[in-house]
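K.L.:
Attaching a single structure in C-alpha cells format; questions to follow.
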Amino acid sequence: MRKNIVAGNWKMNTTLTEGLALAKELKAALQGKDIKCDVVLGTPFTHLASVASELKSTKIGVSAQNCANKESGAYTGEISVAMIASTGAQYVILGHSERRAYYGETNAILKEKVVLALSQGLKPIFCIGEVLEEREAGKHFSVVEAQLSEALFDLSSADFSKLVIAYEPVWAIGTGKTASSDQAQEIHAHIRKTLAAKYGEAVAQNTSILYGGSCNASNAKELFANADVDGGLIGGAALAVDKFLPIIEAF
Ligand code: 13P
C-alpha cells in the first residue's frame, strides 16, 4: 500500500546553522509522537550531510532539491547523484517548476536525472504541474500527462515504482492560492489513471502522489482527506516547526 508523505522543500533558504537548528527542532518535536506519515526534509546541498547525520537514528528522511544530469567529470559547480547519496540523503526532488522555469530544465534533461538518481538508490520526488494559462485553457490534464510520459514513461515498471510524484500547480506555489480540495482530487485521480494506463492498476495504486502549492496548517487536513492525495510537498510552511508540524499531524 502506498505511503503518506509530508516533505518539506526548503528551497534556497537557511544557512547551515539555521537549517541544522530547524532539523533538530523538528526532530525534538516529533520525538515520541505517533506520526502517521513519512516525513522528509528537502534541504540545500550544503546542509545534506549535517542534516542526514543529525537525523540518522530517526524516521525523518532527507532529500536534495536537484542533481546534475551527468555522472561525474568537468561540470564545474554541479552536484552528482553519487555525491548526494554519499551524504546519507535518500531522496532527490526533480522537475520542480522553479527548476523548469528558471534553469531551463526540460523533460529530456529530467529523464536523464531520474535514471541517474535511481542508479544511486535515490528516490526521486518528481514534480509536475501546469501554469495558470494552461489551467485556464483547460489544458492541465494534458500538461501533466506530457510531463509524465516524456520524462518518466521509458522507465521499467520496477523503476517507476521507486518514484514519488508531486503535483504542484504552478499558480499555487508561493502565491497563497491553493487548489481547492476538489481540484486537487480531480487532477490527482487523473494522474493515477494515467499511471494505471501505462503501468497497470497495482503500480498506480502503490504510487504516492503529493500535493504542493501553498499547502499549510489550515488546508492540509482537507487536502489530505482526498482519496488520491497522499501527502504534500511543502515550501514556505516547512521553514518553521510550528507551521510544519500541524501539516504532518494532519494525517
Ligand atoms: P509553497 O508551499 O511555498 O507554496 O511552495 C510549494 C512548493 O513549491 C513546494 O515544492
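The values are calculated or read from the model by the stated rules, or taken from the named source; none is laboratory data. Please read these numbers as outputs of a predicted model, since none were measured by experiment. Virtual Cβ from ideal backbone geometry, glycine too; neighbours counted across all protein chains shown. We work out accessible area using only protein heavy atoms, side chains counted, and drop any ligands, DNA or RNA first. Shrake-Rupley method; radii C 1.70, N 1.55, O 1.52, S 1.80 Å.
K.L.:
Can you tell me which residues in the stretch 1-45 are within 23 Å of Leu163 (Cα to Cα) and assigned to a loop (DSSP other than H, G, I, E, B)?
P.N.:
Residues of the stretch 1-45 within 23 Å of Leu163 (Cα to Cα): 1-11, 35-45.
Passing the criteria: Met1, Arg2, Lys3, Asn4, Trp10, Lys11, Ile35, Lys36, Cys37, Thr43, Pro44.
K.L.:
Mind checking which residues of the stretch 1-37 are among the polar types (S, T, N, Q) and either at pLDDT below 95 or surrounded by 15 or more Cβ atoms within 10 Å (Cβ to Cβ) (or both)? Talk me through it step by step, then tell me what you get.
P.N.:
Within the stretch 1-37, the subset among the polar types (S, T, N, Q) is 4, 9, 13-15, 17, 31.
Scanning the stretch 1-37 gives Asn4, Asn9, Asn13, Thr14.
K.L.:
Can you give me the number of residues within the stretch 129-158 that are in contact (Cβ under 8 Å) with a residue 40 or more places away in the chain, surrounded by 15 or more Cβ atoms within 10 Å (Cβ to Cβ) and in a helix (DSSP H, G or I)?
P.N.:
8
K.L.:
I'm checking my understanding of the structure. Among residues of the stretch 46-80 that are part of a helix (DSSP H, G or I) and touching a strand residue (DSSP E or B) at 6+ places or on another chain (Cβ under 7 Å), which one is surrounded by the fewest Cβ atoms within 10 Å (Cβ to Cβ)?
P.N.:
Within the stretch 46-80, the subset part of a helix (DSSP H, G or I) is 46-54.
Next, from what is left, pick out any that are touching a strand residue (DSSP E or B) at 6+ places or on another chain (Cβ under 7 Å): 48, 51-52.
Numbers: Leu48: 25, Val51: 29, Ala52: 22.
Residue satisfying both the conditions and the ranking: Ala52.
K.L.:
Same structure, new question: Collect the residues in the stretch 225-245 that are within 14 Å of the ligand (Cβ to nearest atom) and open to solvent by 10 Å² or more (accessible area, probe 1.4 Å), keeping them in residue-number order. So that I can check it myself, show each step before the final result.
P.N.:
From the stretch 225-245, those within 14 Å of the ligand (Cβ to nearest atom) are 231-240, 243-244; that's our starting set.
Listed by number, the residues that qualify are Gly235, Gly236, Ala237, Leu239, Ala240, Lys243.
K.L.:
Please return the ranges of helices (runs of 4 or more DSSP H) entirely within the stretch 163-251 where 3 or more residues are under 30 Å from Thr14 (Cα atoms) and touching a residue at least 40 places away in the same chain (Cβ under 8 Å). Steps first, answer last, please.
P.N.:
Values: elements: 181-199, 201-206, 220-224, 241-248.
It comes to 220-224, 241-248.
K.L.:
Within the stretch 211-222, identify whether any single residue is within 22 Å of Ser156 (Cα to Cα), within 15 Å of the chain's Cα centre (by Cα) and modelled with pLDDT of 95 or more, and answer yes or no.
P.N.:
Here is the first cut: in the stretch 211-222, the residues within 22 Å of Ser156 (Cα to Cα) are none.
No: zero hits.
K.L.:
Same structure, new question: Please go through the stretch 160-178 and give me each residue that is open to solvent by less than 50 Å² (accessible area, probe 1.4 Å) and either within 11 Å of the ligand (Cβ to nearest atom) or on the phi > 0 side of the Ramachandran plot (or both), ordered by number.
P.N.:
The first filter runs over the stretch 160-178 and keeps only residues open to solvent by less than 50 Å² (accessible area, probe 1.4 Å), leaving 160, 163-173, 178.
Hits for the stretch 160-178 are Ala166, Tyr167, Glu168, Pro169, Val170, Trp171, Ala172, Ile173, Thr178.
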